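Data first, discussion second: the structure below is written as structure tokens.
The values are calculated or read from the model by the stated rules, or taken from the named source; none is laboratory data. None of the values given here were measured: they were computed from a predicted structure. Heads up, the Cβs are rebuilt from the backbone with ideal geometry, glycines too, and the neighbour counts pull from every protein chain shown.
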Amino acid sequence: MLWGFTAILGKLITLPAIALVWWRMLVVTLALLLVPRVWRNLRVLPGRLVAIYSGIGAVVALHWLTFYGAIKLANASVAVTCVALSPVFLALVEPWIARRAFDLRELLLGMAVVPGVALVVGGMPGHMHKGLFVGVLSAVLVAIFAALNKRFVNEADALTVTGIELGAGTVLLTLLAPLLPHTGALFPLPGLHDTLWLGVLAFGCTLLPFTLSLVALRHLSTFTTQLAINLEPVYAIGLAALLFGEQRELDLRFYVGVTIIVGAVLVQPLLASGRARR
């Protein structure tokens, strides 16, 4: 539910996508560097694990960059709807990353959202299609870093992992920003309005849910966790309609598609739990 607010905050914050993500990750990293427990764990963590978590952090940074890019190119509703495709990609990439057998049932469960996404595409104006494609790329990156986190989540403390991953993501964006098209400063200093919302985004919708998700991965499968995260469109689209009137930008097909996606998300855990009991 906390992640459901990230798209709304991305719309409220006026910074470009790369500056928004850079500030988001930097604030959380600096805050975690003030926690003694993080420093204690960092000192004893093997260099191999630091490198692995840093690589995962780079994928996280690219996911958030494409996610907020989709919001800027389309709108919040379109961006969060694309995230619903992540279980499809997860069913394909996790067996390779986790070195386990491919499960066709997971792929079929994930693909239940595809008809809804097809209707969503037909229900948006043409000028939003670029945002849609960037959003789909964001869903691919979600699947990759979720599978990687699941494989290595038990190797270190969740807060320490969060600090390494977001710190590495900050460094990547710092190096990447000059190579991307931009006007003005690469990382403009946010005004009071953006600073307030960045604080909410960094602590309430980044540090807390990111750490909680790592803890959850210790007890749940990656696929089950991703299905729970797929409820993000439910919160975000409702808030976007209430706060920004985004329902006026999208026609009936979009909302029929969203209804199918939400229905698939709600049914998938029931089917999965029934399979587990059998």
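Of all residues in the stretch 198-238, those that are of a type outside the set (Ser, Thr, Tyr), part of a helix (DSSP H, G or I) and under 21 Å from Gly135 (Cβ atoms) total 15. Checking each residue in the stretch 136-175 for being of a type in the set (Ser, Thr, Tyr) and either more than 26 Å from Leu73 (Cα to Cα) or touching a Leu at 6+ places or on another chain (Cβ under 6 Å) (or both) picks out Thr160, Thr162, Thr170. Scanning the stretch 57-78 for residues that are in a helix (DSSP H, G or I) and over 18 Å from Glu165 (Cα atoms) yields Tyr68, Gly69, Ala70, Ile71, Lys72, Leu73, Ala76, Ser77, Val78. Scanning the stretch 1-26 for residues that are of a type outside the set (A, V, I, L, M, F, W, C) and either within 20 Å of Thr81 (Cβ to Cβ) or in a helix (DSSP H, G or I) (or both) yields Gly4, Thr6, Gly10, Lys11, Arg24. Among the helices (runs of 4 or more DSSP H) confined to the stretch 101-175, the ones with at least 1 residues that are farther than 30 Å from Leu208 by Cβ, modelled with pLDDT under 80 and not basic (Lys, Arg) are located at 114-122. Checking Ala240, Ala216, Ala202, Ala228 one by one, the residue that is hydrophobic (A, V, I, L, M, F, W, C) and modelled with pLDDT under 75 is Ala228 and no other. For the stretch 31-51, the set of residues classified as without any contact (Cβ under 8 Å) to a residue 40 or more places away in the chain, outside any loop (DSSP other than H, G, I, E, B) and within 20 Å of Leu148 (Cβ to Cβ) consists of Gly47, Arg48, Ala51, listed by residue number. Scanning the stretch 152-179 for residues that are in contact with a helix residue (DSSP H, G or I) (Cβ under 6 Å, 6 or more places away or on another chain) and closer than 22 Å to Pro16 by Cβ gives Leu166, Gly167, Ala168, Gly169, Thr170, Leu172, Leu173, Ala177. In the stretch 123-135, of all residues being closer than 19 Å to Arg253 by Cα and either among the β-branched types (Val, Ile, Thr) or more than 18 Å from the chain's Cα centre (by Cα) (or both), the one that is surrounded by the most Cβ atoms within 10 Å (Cβ to Cβ) corresponds to Met124.
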